[in-house]
1. P(r) tail for region 1-114, what percent of Cα pairs lie past 20 Å?
2. For region 1-116, what proportion of DSSP beta bridges, expressed in % and rounded to the nearest 5, is antiparallel?
3. Based on the alpha-carbon gyration tensor of region 116-219 and its eigenvalue square roots a ≥ b ≥ c, which shape applies: rounded if a/c is under 1.5, prolate if not and a/b is larger than b/c, or oblate?
4. Roughly speaking, what % of Cα-Cα pairs in the chain are separated by over 29 Å, rounded to a whole number?
5. For region 83-154, what Kirkwood radius comes out of the mean inverse Cα-Cα distance, in Å?
6. For region 77-137 and region 20-48, write down the distance between their C-alpha centroids in whole Å.
7. Ranked by Cβ crowding within 10 angstrom, fewest neighbours first, how are 55, 89 ordered?
8. Expected output is a single nm value to one decimal: the length gained when fully extending between residue 73 and residue 163, i.e. 0.36 nm times separation in residues minus the C-alpha distance. What is it?
């Protein structure tokens, strides 16, 4: 169970390659508690991938590359190689005693981080998160909590935020629009910026149902 003092790391990745073997070029994270707010935040551009022109051609948001280059030049984004990013995250998790990692659609972020780890190390090292840190998923939590929320349902139906089968959708962008009553909000699709909204979504969901089991692989 999550308490007010439980440290959590919220992670978001931006990737290239394909959806089955995504490779990370941007990773952002915040470590926070419900009671204490944000304890640590980081934003990294992965130099092992970002400067590989052939690989970056298939980036999902390749049109943002010029923005990244400008912000790197201006010192707004930090460039590090993958080993350094992994080491920094592990140090931060140890420092704050983190045992829970969370993402919106954590299955994808877990796949992306591990695929990148294996790609860069030629599978010498296969897992990105420190041992003992368990994934939670705000997408899974949202499906449990918001599926019966009449206000959220009305919002989805009135804006045609529906699947092909006519069911409510639960993207971070849609949920955040609903939370903030701002239908013009659009996700940044950059690591740290998306982490910030996903943390707010997590905080809303966990306060709505404190006993919820948001573990990605819970039965």
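Coordinate-derived values only; no laboratory data. Keep in mind the model is a prediction, meaning the values are calculated, not measured. When we count neighbours, we look across all protein chains shown, and the Cβ atoms used for this are built from the backbone with ideal geometry, even at glycine.
1. Working: 2822 of 6441 pairs.
That fraction is 44 percent.
2. Numbers: 18 of 24 bridges.
Looking only at bridges with both residues in region 1-116, the antiparallel portion is about 75 percent.
3. Working: a/c = 2.13, a/b = 1.70, b/c = 1.25.
Judged from the Cα gyration tensor, region 116-219 comes out prolate (a/c at least 1.5, a/b above b/c).
4. Details: 6354 of 23871 pairs.
The proportion of pairs with Cα distances above 29 Å equals 27 percent.
5. Values: mean 1/r = 0.0719 Å⁻¹.
About 13.9 Å for region 83-154.
6. 9 Å
7. 55, 89
8. Numbers: separation 90, 0.36 × 90 = 32.40 nm, distance 4.08 nm.
Full extension from residue 73 to residue 163 adds 28.3 nm.
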